[in-house]
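The values are calculated or read from the model by the stated rules, or taken from the named source; none is laboratory data. Bear in mind the structure is a predicted one, so any value in this text is a computation, not a measurement. Neighbour counts run over all protein chains shown; Cβ positions are idealised from the backbone, glycine included. Protein only, heavy atoms only, side chains kept; ligands, DNA and RNA dropped before computing areas. Shrake-Rupley method; radii C 1.70, N 1.55, O 1.52, S 1.80 Å.
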Amino acid sequence: MPHPCRAGNHGGERARRSATAPDRFASEFRARHAQIGPGDNPQATVFLCGAYPFSGDVGGGLLDALPQVMTLSAADDDPPRDVITLLSRELVRNELAQQIVLDRLLDLLLVLAIRSDFRRSATAPRWYRASADPRLGAALEAMHENVAHPWTVPELAAISGLSRAAFTRAFRDALGQAPMQYLTEWRMTLARDHLRADDLSLAQIADAVGYGSPFAFAAAFRRHHGEPPGTWRQRERTTAKARLLTTHPGS
C-alpha cells in the first residue's frame, strides 16, 4: 500500500479533523475540573476525546495500517505524555484561540501516537519501515512530496546514492514491488481521491498526479482500473449519493 501520510500536500487533507474539542465540551470540562489539581485524586481517570473522520483511499490506507487500539507508553519522557499534559491544561482554560491550540495539539498527538505504535510494531506497514531505511528514505520522500514530477529510476537511484540496479533491488526487497509500480500505485491512489472529492477537471488531476496530459492519465487509469476516470468518477459519486440517501433519508 502506498504511503498514506503525505496526502496533505496533494489535494488537501484526507483525514479531516472534526470538532476535536468542541466549545461545549471544553466548557463542561473546565466547570468540572477547574478546582481539581493533579494530585487531588490520583485514582481519577479523565478521558480526552477527539475524532478524525477518514475518507478516500489515502485515509483508508492509513486506517487499515493501524491496530484497533493503540496503547501509548506512560513513561515520563514519552512525547505523547507531554502533549496529553498540554491538552489537559489547555482544556481548563478559557483563552483566545483555544480551539486552534486544541486542534493542533490533537494533530500532534495523533502523529506521535502513530509513530510510537509503528516503531514498536512487528507488523508495521512496509512503507513505514522503508522510510526509515537510509537507502530508500530520501527517494520515498521525494516521490511522496512531489508526485507530479516525472520521476525515473536513475533519478531516484541518484537521490539514494545507489546504482540503478542496487536501488531497484533494495526497493523491491523492502516494498515488494518495483519503484515505478509503487509510484503508479501512489499516483492512482491520489487520483481516486481527487475524482471522489474534488471538482478538478481530468486535465488538472493529470497535472497534479504526474501525467503530461489528460490522455496519458486516462490511459494509465484505464489500465489500472479497467474503465476511464470520468466513468469511475460518475459511478463513485452515484454510489456515494445513494449511500447518503440510505443513511439519511430525506437529505
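Listing for the model above:
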{"item": "All positions within segment 92-122 that are touching a residue at least 60 places away in the same chain (Cβ under 8 Å) and assigned to a loop (DSSP other than H, G, I, E, B)", "result": "V92, R93, N94"}
{"item": "Conditions (1) surrounded by 15 or more Cβ atoms within 10 Å (Cβ to Cβ); (2) in contact (Cβ under 8 Å) with a residue 60 or more places away in the chain; number of the one not met by F217", "result": "(2)"}
{"item": "Residue in segment 123-137 that is in a helix (DSSP H, G or I) and exposed (fewer than 14 other Cβ atoms within 10 Å of the Cβ) present", "result": "no"}
{"item": "Single unsatisfied condition, V101 versus (1) touching a Lys or Arg at 6+ places or on another chain (Cβ under 8 Å); (2) surrounded by 14 or more Cβ atoms within 10 Å (Cβ to Cβ); (3) farther than 29 Å from V209 by Cα", "result": "(1)"}
{"item": "Candidates L63, L110 - the one that is modelled with pLDDT under 85, open to solvent by 30 Å² or more (accessible area, probe 1.4 Å), touching a Phe, Trp or Tyr at 6+ places or on another chain (Cβ under 8 Å) and under 30 Å from P179 (Cβ atoms)", "result": "L63"}
{"item": "Matching entry among T246, T189, T239 (being assigned to a helix (DSSP H, G or I), surrounded by 12 or more Cβ atoms within 10 Å (Cβ to Cβ) and among the hydroxyl-bearing types (S, T, Y))", "result": "T189"}
{"item": "Subset of segment 157-186 [in a helix (DSSP H, G or I), surrounded by 16 or more Cβ atoms within 10 Å (Cβ to Cβ) and among the aliphatic types (A, V, I, L, M)]", "result": "A157, I159, A170, A174, L175, L183"}
{"item": "Count - residues of segment 192-219 that are part of a loop (DSSP other than H, G, I, E, B) and hydrophobic (A, V, I, L, M, F, W, C)", "result": "2"}
{"item": "Qualifying positions in segment 67-98 - under 19 Å from Y52 (Cα atoms), under 22 Å from the mean Cα position of the chain (by Cα), surrounded by 14 or more Cβ atoms within 10 Å (Cβ to Cβ) and not hydrophobic (A, V, I, L, M, F, W, C)", "result": "P80"}
{"item": "Number of the exception - V147 against (1) open to solvent by 20 Å² or more (accessible area, probe 1.4 Å); (2) over 28 Å from D78 (Cβ atoms); (3) of a type in the set (A, V, I, L, M)", "result": "(1)"}
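Yes/no per residue for (1) at pLDDT below 95; (2) farther than 29 Å from P228 by Cα:
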| position | (1), (2) |
| --- | --- |
| W151 | no, no |
| P154 | no, yes |
| A170 | no, yes |
| T184 | no, no |
| R187 | no, no |
| R196 | yes, no |
| D199 | yes, no |
